[in-house]
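Right, one structure below, let's go through it.
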Amino acid sequence: MQGERPRANTRAMVASLELTRRTFLGRSLQAAGALAALPALAYAPCALASPSEALLAFGPSELPILEAVAATFVPAGGAFATGAADVDLARRVDALVAAQGPDVVRGVRGALWVVELASPLLAGRVTRFRSLPPPERTRCLAALMESRLALARDVFAGLRQLCLFSFYSQDASWAATGYDGPWVRRTVGAA
C-alpha cells in the first residue's frame, strides 16, 4: 500500500504538468496568431509609455527580463548601429502585448519567466537570465532554440518574433535597413 501512494502522487503531478504545458502551448499559439495577424501595426504609431508611466502588460519584475531579452535579440552595434535600448524596445513590446488581450499577456509573461529561470539551466548555468553578460544570454537563447522540448523552442520563436516585429516596425530602424518608409505616407505627404 505504501508503495502505491508515491506513484499516485507522481501520476497526479505529471497530469498537472501536461495540462500546464498544453495550456501554455495553446496560449503561445494564440500569441503567435495574434502577432501574425497584425501587419497593420507596422504603419500605426505605437502608444509608447514614457519611462515614468506604468507598464501596460508586464510587472516591474518582468521589465528587466524583457529588456535583457530584447537587447539580446537586437543588440546595439549588432547588425545595425541602433539597438533595443535606443528605441526603448521593451516598452514598445509592452504596449503591443497589452493591446492583444489578457490571454496573450499571460502567455508572454509566462514565456519571459521561462527565459529568466529555465534558459540558463538549459545552457548549464545556475543563475537568472537577466544577470548574465550578453554572450551568456545569447547562449541561453540558443539553448532554448535548440532544445528537444517543443515548449522551449516555442518560447524562443515567440519572443524573437515579438521583439523583431516591434523593432522593425519603428521608424528608427528603417534607415539602418535602407527602407525609406511606407509609400502610403510618402504619397499622402507629397499631395
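Mind giving me the FRET efficiency for Leu55 and Asp103? R0 is 22 Å, r the Cβ-Cβ distance, nearest 0.05 is fine. Working shown, then result.
On the way: r = 18 Å, r/R0 = 0.81.
With a Förster radius of 22 Å, E is 0.75.
Counting charges near Pro120 (Lys, Arg +1; Asp, Glu -1) among other residues having Cβ under 13 Å from its Cβ returns a value of +3.
Using 0.36 nm times the number of residues separating Trp183 and Leu164, minus their current alpha carbon distance, what extension gain do you get?
Working: separation 19, 0.36 × 19 = 6.84 nm, distance 2.15 nm.
Net length gain for the segment: 4.7 nm.
Classify the range 81-142: rounded, prolate or oblate, from the alpha-carbon gyration tensor (a ≥ b ≥ c, eigenvalue square roots; a/c under 1.5 rounded; otherwise prolate if a/b is larger than b/c)? It is oblate, given that a/c is not under 1.5 and a/b is not larger than b/c.
If R₀ is 25 angstrom, what is the calculated FRET efficiency for the pair Thr127 and Ala85, using the beta carbon separation as r and rounding to 0.05? The value I calculate is 0.70. Residues Arg153, Arg130, arranged from fewest to most other Cβ atoms within 10 angstrom of their Cβ, appear as Arg153, Arg130.
Since every read-out is calculated from the coordinates, none of them should be taken as a lab result. Small disclaimer: the values here were computed from a predicted structure and weren't measured. Neighbour counts are summed over all protein chains in view; Cβ atoms, including those assigned to glycine, are modelled from backbone coordinates with ideal geometry.
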